[in-house]
Amino acid sequence: MRHTVGDNVRFKLESGEVQHGNIQFIEKSKYEEIFYINSSNRWAYKISKKNIIS
């Protein structure tokens, strides 16, 4: 599934907790994509593509 800036996504944190938020920036490298997401609890997260649920 392709994600773009502004998409509302659900993602899993390292602790196992599931959050949802909006993608603010996508950093693409040769090996992976990193998403910068503003969460509903006003925290900003740096999440790998493999941790995006939907």
| If you check Y31 against the conditions, is it assigned to a strand (DSSP E or B) and either open to solvent by 60 Å² or more (accessible area, probe 1.4 Å) or at pLDDT below 90 (or both)? | no
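Could you grab me the full set of residues in region 1-31 that are in contact with a helix residue (DSSP H, G or I) (Cβ under 6 Å, 6 or more places away or on another chain) and among the charged types (D, E, K, R)? Talk me through it step by step, then tell me what you get.
Here is the first cut: in region 1-31, the residues in contact with a helix residue (DSSP H, G or I) (Cβ under 6 Å, 6 or more places away or on another chain) are 11-12.
Correct list: K12 only.
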| note | Residue pairs qualifying under the 7 Å Cβ cut-off, at least six apart or on distinct chains, with the first in region 1-24 being part of a strand (DSSP E or B) and the second being open to solvent by 100 Å² or more (accessible area, probe 1.4 Å) and not hydroxyl-bearing (S, T, Y), are V18/R10; H20/N8; H20/R10; N22/N8
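The values are calculated or read from the model by the stated rules, or taken from the named source; none is laboratory data. Since the model is a prediction, treat every value here as computed from it, not as a measurement. Cβ: placed from backbone, ideal geometry, glycine included. Neighbour counts: every protein chain shown. Side chains included, ligands, DNA and RNA excluded: accessible areas come from the protein's heavy atoms. Shrake-Rupley method; radii C 1.70, N 1.55, O 1.52, S 1.80 Å.
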